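Derivation of every value follows stated rules applied to the coordinates shown; laboratory data play no part. Computed from a predicted structure; not experimentally measured. Note: ideal-geometry Cβ built from the backbone for every residue, glycine included; neighbour counts use all protein chains shown.
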Amino acid sequence: MQRIAGKTGIPSVHKFAVEHLGLPLEIVELIKKETKWNTDCLKLYPDAIHTLEALYKKYELLIIANQSRPIDARLQAYGIRHFFTDVICSCDAGYNKPDIRIFEIAENKFKNKDVEFWMIGDRIDNDIVPAKVLGWKTIRILQGDHMDYAAQGACETPDFTIRNLSEIIQIAEKRIAFG
């Protein structure tokens, strides 16, 4: 059900699934209102540490995420917080992706530097589209519930599409070598 919903571009596959359980509308609304995302279900991609170690040596890395508190504690528990210069989280920023204002917070942190911004994400609607609106380079990773969603036009088409995080290392190396 989640992969089917993700393929259609439904923003919340959880809400989509609840709506299709055949329950009365008032029960569906109560479940949607009271159900919180279980952060215990989150896990690192298998090649995350290796990729972050390689990128961290050459680039400043930030996270832009729609997450709840305590995101820093979760990143520490995963052993990856130290790789990131900053974490821009919807729970602190007051904006959720795809609102471009959360992306602009990242831009403002580097406003006096010559920086090329890259967004790496699994969601076209939350990650790729808003980053492209701001002129960022984009990499879509085909993992998660939305991996089967097909881009609809240029505004949804990432600069690169990958299946594993470690592919980012090769993209970065080619980008530097060929400018």
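Structure values in brief
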{"read-out": "Single residue of ILE124, ILE105 found to be in contact with a Ser or Thr (Cβ under 9 Å, 6 or more places away or on another chain) and either under 23 Å from ALA151 (Cα atoms) or among the β-branched types (Val, Ile, Thr) (or both)", "value": "ILE124"}
{"read-out": "Where VAL133 falls short, out of the listed (1) more than 15 Å from the chain's Cα centre (by Cα); (2) surrounded by 13 or more Cβ atoms within 10 Å (Cβ to Cβ); (3) β-branched (Val, Ile, Thr)", "value": "(2)"}
{"read-out": "Output for region 116-127, where each listed residue is within 20 Å of TYR59 (Cα to Cα), not charged (D, E, K, R) and not in a strand (DSSP E or B)", "value": "PHE117"}
{"read-out": "Selection from region 79-95 of residues that are surrounded by 15 or more Cβ atoms within 10 Å (Cβ to Cβ) and under 28 Å from ASP47 (Cα atoms)", "value": "ILE80, ARG81, PHE83, PHE84, VAL87, ILE88, CYS89, SER90"}
{"read-out": "Options LYS97, LYS113, LYS174: the member that is of a type in the set (Lys, Arg), touching a helix residue (DSSP H, G or I) at 6+ places or on another chain (Cβ under 9 Å) and not in a strand (DSSP E or B)", "value": "LYS97"}
{"read-out": "Matching residues in region 113-132 - criterion: being in contact with a Phe, Trp or Tyr (Cβ under 7 Å, 6 or more places away or on another chain) and among the β-branched types (Val, Ile, Thr)", "value": "ILE124"}
